[in-house]
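Written out below as C-alpha cells is the structure these notes cover.
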Amino acid sequence: MSNTASAPSFLALSCVGAIAFATTAHAQDGATAPRLGGVTVTDTAIDESAVKVEKAESPKYVRPLLDTPQTITVIGNQTIKKQNLLTLRDVLSTIPGITFGAGEGGGGYGDSINLRGQSANTDISIDGVRDSAQYSRTDPFNIEQIEVTNGANSVFGGSGAIGGNINIVTKRPKGYDETLVQAGIGTSDYYRATIDSNVRVSDFVAVRLNAMYHENDVARRSVDRYERWGVAPSVKFGVDGPTSLTLLYTHQEDKNTPLYGVPYYKNALYDGPLPGVPYSGYYGYKNVDRQDQVIDQATAIFDHRFSDLLAVRNLSRWQRVEQNLIVNPPQGTYCLANGQTPTGASCDAGQVAGTYYPRGPRGGFRNSVNDTLYNQLDLSFTIPGGHSLVLGTSMLQEDYALDNGNVLRNAGGTLPNPVLDPIDISNPNAIYTGPVNAIRSGHQDGDLFNVAAYAFGAIKIVEQLEINGGVRWEHNRARFRSDTIATPAAGGAYTTGVSQNATDDLFSYRIGLVYKPVENASLYVAYGNSKNPTATTVRAGCGLATAANMSNDPCEAKPEQAVNYEIGGKIDLFDAKLQLTASLFRNERTNYRVASNDPLIGTLPVNDGRNRVDGVTLGATGNISDAWTIFANYTYLDSKVIQSISDYRKSQGEVDTQAGNPMTNNPKHSGSLFTTYTLPFGLELGYGLTYQGSWYLSNVSGAPMYKTDDYLVHRAMLSYPVTEKLSAQLNVQNFTNEKYYTSVRNNGWANPGEGRSWVLTLGYKL
C-alpha cells in the first residue's frame with residue numbers, strides 16, 4: 001500500500017478529532033447510555049462501563065489522568081470487547097507509536113514490542129508488577145484495562161522503560177451480582193466461549209469467576225492456528241469496608257503455531273515477499289512446529305484505610321510461565337524461478353529453480369520455565385491542602401531455566417541424510433518425514449533480584465498550580481550461565497559455562513509542573529529519566545571476558561539512560577465524559593552501549609551511543625454524546641541516530657554511517673480510531689481503523705535505506721440488545737481485505753496480516 005493511497009483515509013482520523021472538538025453544542029444531558037471501556041475505580045456493571053478512564057490503577061499515580069503530567073493511553077475491557085481484540089498484540093496494534101519486531105532474537109515467537117522506537121520486551125507489568133518472560137499474551141478474558149505510559153519511565157515501571165511501559169490490569173470482584181455468558185462463532189473455524197460471573201456472597205464477601213475457551217485458524221493463512229483455555233477465580237473479603245483482602249488466581253494453557261511468516265526481501269531487486277511466495281504459505285514444518293505455554297499466577301492484595309488521610313496496600317505475587325517451543329524459521333537458500341537467489345546471484349549447481357533449500361537452525365527446540373516472586377508495599381497519604389504522597393518498596397526474585405537443542409536429528413544427534421528435503425517456494429506447507437529425536441545441546445540458568453524504594457507526590461503550590469513527581473532507587477543483581485552439551489554420538493559431555501554476574505544501583509526520577517486554568521483542564525511540562533541495567537533480562541547475560549574484548553568483563557559496563565521532555569495539555573468536555581489530550585515530546589537515549597574497538601579494550605561495550613525521538617501525540621477518549629463514543633489517537637515520530645559508534649572510533653576518523661539517519665522500527669505517522677453510535681431503537685454501529693506508517697528496515701548511509709510499506713486496516717461492528725438479557729454482536733475485521741505485513745525481519749521474513757474475517761457473538765445475562 002502506498003502512502004498516497006492511504007493518506008485520504010488516514011485524514012479521516014483527523015477529521016473525527018476535529019468533530020470532537022466542535023461538538024459541544026450537540027452534547028446531550030440526561031441519563032448516560034452504556035459506554036465502552038473499563039474502570040477500576042468505580043463499581044460499574046460487567047458489560048456497562050465507560051470509554052473514559054479516570055485514573056491509572058497503580059497507587060504510584062497520585063492524581064487522575066487529567067492531572068498527570070505524562071502521555072498515558074488507557075484502553076478498557078469494553079473497548080477491547082467491542083472490537084473483538086483477542087491478544088495483547090491486537091490491542092497494542094491500535095495504539096500509535098508501537099511496532100512489533102520479528103520475535104525474540106528474530107525467533108518469531110513471544111511479544112516483541114517496540115515503543116517509541118525502543119524495545120519494550122521487558123517493560124510489561126500486570127497490576128503494576130513486572131511480568132516475567134517473553135511469551136505470547138494471547139487473551140483478554142481476564143483484563144480490565146491496559147495502560148500505556150509513553151516516554152522514559154523507570155520511576156514507575158522499574159529498570160528499563162526506555163520508551164515507556166505497558167501495564168495490564170486484571171479483573172477483580174465487585175459489589176454486585178451479575179453473570180455474563182458469551183459464545184462466538186466465525187470464519188476460519190473460530191469458536192469462543194467465555195463467562196464472567198460476579199456474586200456478592202454476603203455483606204463481607206464477593207467472588208468472581210472468569211473463564212475462556214478459544215480456538216481459531218487465521219484468515220488467509222493455511223497453517224496458523226490458536227487454541228487456548230483459561231480460568232481466573234478471585235475472592236474479595238471486606239467488600240465495602242476499610243479493610244479488604246483480594247485473592248486472585250489465573251491459569252491459562254495455549255497451543256499455538258509459531259509465527260515466522262513468509263520470505264521477505266527489500267533490496268534493489270525485490271520489494272517485499274519474493275516472487276511466487278503465496279500470502280498463505282507456511283515455510284516451517286506444520287507437523288513438527290509448536291508453541292505451547294502454560295501460565296499460572298497467584299496474587300494477594302491487602303488494602304486498609306486507616307482514615308481519610310492514610311491507606312496501605314500490599315500486593316504479593318507468584319507466577320510461573322512454562323514454554324515448549326519447536327521452530328523451523330524460513331532460513332536457507334531460495335532459488336527463484338529465474339534461476340537466481342534473492343540477491344541476484346546465480347543459484348548453486350544442482351539447485352532447482354523455484355525451490356527453497358532449508359538451512360540454519362531448523363528444528364530448534366526451547367523449553368523454558370520462568371518463576372517470579374514479587375512483593376510491593378505502598379503507603380498513601382492524603383495531606384490537608386490538596387497534597388498527596390505515596391511511599392513504597394518492592395522486591396522481585398525471578399528464576400529462569402532453559403533447555404535447548406534440535407529435534408530434526410538421528411538418535412545419536414547427527415543430521416539425517418538427506419539433511420532436509422527442498423521445498424516448493426510457491427507451494428510450501430511441507431511435511432517433515434525424517435527422524436525426530438530431541439537432542440539437547442545447551443542449558444541456561446539465570447536469576448534476577450531487584451529491590452526498590454520509591455516516593456511519589458503532588459504538592460499544590462497555589463490553587464491552580466502544583467508539582468507532580470517521583471523518585472526511585474533500586475538495586476539490580478543478575479546472574480546468568482550458559483552450558484553446552486555434546487551429542488550422544490560425540491560422547492554427550494556436559495560443559496558448564498562461566499557465570500556472568502552484573503550488579504547495578506539505579507536512581508530514576510520524574511518531575512512535572514501542572515497548571516489548571518480551569519477545573520476541567522490542565523497544562524503541563526515534565527521531565528523524566530530511565531535507567532537500563534547492564535543485564536536487562538533474566539534470559540540473557542551481559543557477556544564474557546574473551547580475547548575479543550581483551551579479557552575485560554562486559555558485566556562492568558555502565559547502565560544505559562534515557563530522558564523524556566514533554567509539554568502537553570488535557571481537557572474534559574461534556575460533563576467530563578470526553579477527554580482530549582495533546583503533547584509535544586522528546587525522548588532521548590543518551591548513552592546506549594556500542595563496541596569500543598579500542599585496541600586496549602577490544603569489543604568491550606562502552607556507553608557512547610545516542611539517539612532521539614521527537615514527536616506529537618493527540619487523543620480523544622470518551623462520549624461525544626450519550627449515543628456517540630470515540631477512542632482515537634494519533635502519533636507523529638521524528639527519529640534520529642545521533643551517534644552509533646564509540647568515541648574512540650570517531651577519534652580515529654571513522655565515519656559514523658548511521659549518524660543523522662532515522663532510527664529503524666519507528667513509523668513517522670500512526671493512528672487509530674474506534675467509534676460507536678447507538679440508534680434510538682438500540683442498534684449500535686461501530687467503525688474502527690488502524691494506520692501504521694512506513695518505517696526504516698536499515699539506516700546505514702552509503703547503502704539503500706529500505707522501508708516497510710504503510711498500511712490501513714478497517715474494522716466494523718454491529719451490536720443489538722435482542723432482549724433485556726440477550727445481546728448479539730457482529731464484528732468484521734479488515735473488511736477491505738487489505739494485504740499488509742508486520743514483524744518484518746528484512747532479508748529474512750515478515751508476517752502477513754490477517755485477512756477479512758467475521759465473528760458473531762451472543763451474550764446472555766443470567
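Side notes on the structure shown:
- Condition met for residue 176 (under 27 Å from residue 734 (Cα atoms), among the aromatic types (Phe, Trp, Tyr) and either without any contact (Cβ under 8 Å) to a residue 24 or more places away in the chain or assigned to a loop (DSSP other than H, G, I, E, B) (or both)): no
The rows are residues; the columns are (1) in contact with a helix residue (DSSP H, G or I) (Cβ under 7 Å, 6 or more places away or on another chain); (2) surrounded by 16 or more Cβ atoms within 10 Å (Cβ to Cβ); (3) at pLDDT 95 or above; (4) not β-branched (Val, Ile, Thr).
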site: 661; (1), (2), (3), (4): no, yes, yes, yes
site: 678; (1), (2), (3), (4): no, yes, yes, no
site: 696; (1), (2), (3), (4): no, yes, no, yes
site: 701; (1), (2), (3), (4): no, no, no, yes
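- Residue in segment 222-230 that is in a loop (DSSP other than H, G, I, E, B), β-branched (Val, Ile, Thr), surrounded by 15 or more Cβ atoms within 10 Å (Cβ to Cβ) and at pLDDT below 95 present: yes
Residue-by-condition table, conditions (1) closer than 22 Å to residue 527 by Cβ; (2) at pLDDT below 95:
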| position | (1), (2) |
| --- | --- |
| 569 | yes, no |
| 572 | no, no |
| 575 | no, yes |
| 583 | yes, no |
| 586 | yes, no |
| 590 | yes, yes |
| 593 | no, yes |
| 597 | no, yes |
| 601 | no, yes |
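- Selection within segment 731-741 - buried (at least 16 other Cβ atoms within 10 Å of the Cβ) and either basic (Lys, Arg) or in contact with a Gly (Cβ under 9 Å, 6 or more places away or on another chain) (or both): 731, 733, 734, 738, 739, 740, 741
- If you go through segment 668-715 and keep only what is outside any loop (DSSP other than H, G, I, E, B) and in contact with a His (Cβ under 6 Å, 6 or more places away or on another chain), you end up with just 689.
- Residue-level check: of (1) surrounded by 15 or more Cβ atoms within 10 Å (Cβ to Cβ); (2) assigned to a loop (DSSP other than H, G, I, E, B), residue 427 misses just (1).
- Yes/no for residue 635 being among the polar types (S, T, N, Q) and either in contact with a Leu (Cβ under 6 Å, 6 or more places away or on another chain) or free of Cβ contacts under 8 Å to residues at least 12 places away in the same chain (or both): no
- Residue within segment 274-288 that is assigned to a strand (DSSP E or B), under 27 Å from the mean Cα position of the chain (by Cα) and buried (at least 17 other Cβ atoms within 10 Å of the Cβ) present: no
- Residues considered: 630, 571, 567, 645. Of these, the only one that is part of a loop (DSSP other than H, G, I, E, B) and touching a strand residue (DSSP E or B) at 6+ places or on another chain (Cβ under 9 Å) is 645.
- Segment 313-337, residues that are surrounded by fewer than 21 Cβ atoms within 10 Å (Cβ to Cβ) and in contact with a Lys or Arg (Cβ under 8 Å, 6 or more places away or on another chain): 324, 331, 332, 333
- Long-range neighbours under 7 Å by Cβ, at least six apart or interchain, first residue at positive phi within segment 574-598, second assigned to a strand (DSSP E or B): 574/623
- Residue under evaluation residue 379, criteria (1) surrounded by 15 or more Cβ atoms within 10 Å (Cβ to Cβ); (2) modelled with pLDDT of 95 or more; (3) in contact with a Ser or Thr (Cβ under 9 Å, 6 or more places away or on another chain), criterion not met: (3)
- Checking each residue of segment 638-649 against the condition of being of a type in the set (Ser, Thr, Tyr), closer than 21 Å to residue 96 by Cα and over 19 Å from the mean Cα position of the chain (by Cα) gives at least one match.
- Cβ pairs under 7 Å, 6+ apart, first in segment 526-555 and more than 21 Å from residue 473 (Cβ to Cβ) and at pLDDT 85 or above, second hydroxyl-bearing (Ser, Thr, Tyr) and surrounded by fewer than 17 Cβ atoms within 10 Å (Cβ to Cβ): 545/551
- Options 412, 392; residue that is crowded, with 18+ Cβ neighbours inside 10 Å and either of a type outside the set (A, V, I, L, M) or assigned to a strand (DSSP E or B) (or both): 392
- Within the option set 581, 590, 621, being β-branched (Val, Ile, Thr), more than 22 Å from residue 55 (Cα to Cα) and part of a strand (DSSP E or B) holds for one residue only, 590.
- Residue that is modelled with the lowest pLDDT, among those in segment 326-343 that are out of contact with any Gly (no Cβ under 8 Å at 6 or more places or on another chain) and part of a strand (DSSP E or B): 333
- With respect to the stated conditions, residue 206 is among the small types (Gly, Ala, Ser), over 22 Å from the mean Cα position of the chain (by Cα), within 26 Å of residue 726 (Cβ to Cβ) and buried (at least 17 other Cβ atoms within 10 Å of the Cβ).
- Qualifying residue in segment 464-473 (condition: at pLDDT 95 or above, among the basic types (Lys, Arg), assigned to a strand (DSSP E or B) and under 32 Å from the mean Cα position of the chain (by Cα)): yes
- Qualifying positions in segment 181-202 - touching an Asp or Glu at 6+ places or on another chain (Cβ under 7 Å), part of a loop (DSSP other than H, G, I, E, B) and surrounded by fewer than 17 Cβ atoms within 10 Å (Cβ to Cβ): 189
- Matching residues in segment 216-242 - criterion: being hydrophobic (A, V, I, L, M, F, W, C), within 26 Å of residue 731 (Cα to Cα) and touching a strand residue (DSSP E or B) at 6+ places or on another chain (Cβ under 6 Å): 219, 229, 231, 232
The values are calculated or read from the model by the stated rules, or taken from the named source; none is laboratory data. Given the structure is predicted, the values throughout are model-derived calculations rather than measurements. FYI the Cβ positions are ideal-geometry reconstructions off the backbone, even for glycines, and counts take in every protein chain you see.
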